[in-house]
Structures are given as C-alpha cells and as structure tokens.
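See below for the structure under consideration.
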Amino acid sequence: MAGATQKKFSKQTWLYMTPTGLTLVETGMGKNSLPYLQVIAQLNAENPLATPVKHVDWVKQHAPSKINLVLSHALYQLLLSDVPDVPADEMDDAIELKAADLLSYDIDDAVIDVIQLPTDAYRGRMRMAFIVAMRKSPLADWLKELILHSIKVNLIDIEITQLRNLAVFHQNMNESGFMYLQPLQSRLLLTYNREMVLSRSFDIGLSSLVKETTVHDGELELTVTEDTQFEIQLESLVLEVRRSFDYYESQLGLGAISEMLFLCDEQHESLVTELASRLGVRILLLRPQDFIDIRLSDHNMDPVNYFNLTGLVYREALA
C-alpha cells in the first residue's frame, strides 16, 4: 500500500522519447502536498531517436542542465527469459549470450539491462528475468549530443517500469494485476509481492471496446462498431487476460490474482466494470488526478495522454 512506502519526490526533469515525438516533463512535490507531473514542452517529430542533431537544440531550449531519459515501449524490447545457472560473477556474460540468441541485431550494438523476477516466482524451477534491450548506437549518439550541449543525463529508464511503479504504489494485495487501456492497444502487468512478473500487450484497445454516440444533423448516429463486433473484441481481451492469469497461477505457481487496477479515462468506468465482472476480480479504477497534480503547458492538452508517465513521480519512493 502507498502508505507503507517512504515518500520521496525530489524535483526531476525527464525527456520522454517516442517514435513520433519528444516530451519534457518535470516531477516533484507540490505545495499542496501532492506530487506533480508538469508538461514543460512537447515536440512532434518523426523518429527523433535517430536524429539527435536535429532535435537537441529544442531540448537545450527547454531543459535544465541535468535530465533523465525515459523511452517509450516502441524503442526497446522486453524479453522474458530463463536465467542461466552460473556463479554471480559470470551472470552478466551469460545474460549477454542469452540475449544474443533472442535479438534480431548484433549483440555488440545492443544496450542490455536485466530485471530479475523475485525468487518466489521460480518455485524450484530455473530462474527467470526480463531482458531489456535496445540498439546502442542511436542512444549513444543522443548522449553525445546532449553532453556537447552541456546537458548531463543522470539515468535512463523505460515506460514499462513507470507503469509498474504506478501499479505497485497503489496495489492492496500481493497478487495483483494492472491494465492500461489505450485507444489502439491494452497492456497488462501482473505483480507478486510488489514485483512485476509478467507483462503482455494486446492489439485490442478502447477504439474497439467502447461504444460511443454522436449527434449529427439533429439525429442520433452510432459512430463505432456494431454490438456483435464489440462483444467479440471484449471477449477476446477477456480470454487473453484469463490466459495470463492461468500462467501466473499454474506455471509460476503464485496463486490467484486478487485485484485488478485499471488505468484509463474515468469516462470508461462502465467498460472497466464489465471487464472486471467477466474476469471475476475486485477492481480499482485509478484516477491519476486524484493523487497527482497533472500540470499542462497548453489548455488543448488532454491529461489522459500523460497517464503513462505518472509512475515517474514514484520512482524514488519505490527505490
């Protein structure tokens, strides 16, 4: 539970990279005793990771001299793999060899990090871990350009761990699930004792799950899929989540999921309720505005578009 965690919210600036743009945000503790996420500036750009020279001046214009990087899901790979049974001093080399078999590019051009699964998740079997990997050269080029512009990068993080932070900070049970519902896809995380043990994404999102209506020329007009298509998509998502529950319970041997936390716009609460009913679990709809002050630099911005970054404010508190 959040109350059992030491709350540390120092002021930090983050550069969030996606395939379609850059966003600078600041996190810290506000005067109202709520942590805040402030959007400083946003730039639409095609594949900015590959073009640091083109965009570093924009970063220099808006950022302080020390920042952190956070990479979107599309810029790295998250691979669940067994961990070789070797002495601790040989582990790095063994993981690198394992990653070499899983990556589609040369291991010499890879940056690799490892997220170990908790010991309880092994249940007498081979240890498991998440291998985080991305190409080294574009990241190195960005770090070089930032240094040349007198900007120091303190740390590099990834989007999935921010979702994990948000889930872990607010979960009430040891066996807990978290689902982030986006327009075109959904992402599921399952945790055990506050550690992520499973992460999956599904190509089923709010655009195919939500039935909306609009008024056109004074007449009510349906604007989304027919009820039958809606039902097919909803049941498909439920089936995939149940399969993940089964893997968690039978393959990992971690018991039944006791609760599900959902992250999405609160206007979709009825959808969340329907999902939870079909899954047979207790639900909690996370409303980030209730526990984080989301500050936008433009009144046309939608806070929902930054929900995936709200876990940044808890990174220190959970360290």
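What follows is calculated from the coordinates using simple rules that are stated; it is not laboratory data. If you're wondering where the values come from, they're calculated on a predicted model, not measured in any experiment. Here the Cβ positions follow ideal geometry from the backbone for every residue, glycine too, while neighbour counts run over all protein chains shown.
For region 2-314, the relative contact order is 19 percent, taking Cα pairs closer than 8 Å that sit 6 or more residues apart in sequence and dividing their mean separation by the residue count.
Pairs of lysine residues in the chain that meet both criteria, 8 or more places apart or on different chains and Cα atoms under 17 Å apart, total 12.
Shown here for region 1-81: trypsin sites (Lys or Arg not before Pro) in loop regions (DSSP other than H, G, I, E, B) with at most 11 other Cβ atoms within 10 Å, namely Lys11, Lys31. Each peptide in 102-114, 232-244 was scored by the mean count of other Cβ atoms within 10 Å over its residues; highest first, the order is 232-244, 102-114. Compared with the direct C-alpha span, the chain from Phe230 to Thr20 gains 72.7 nm at full extension, assuming 0.36 nm per residue.
If you plug the beta carbon distance of Arg243 and Gln267 into 1/(1 + (r/R0)^6) with R0 = 35 Å, you get a FRET efficiency near 0.80.
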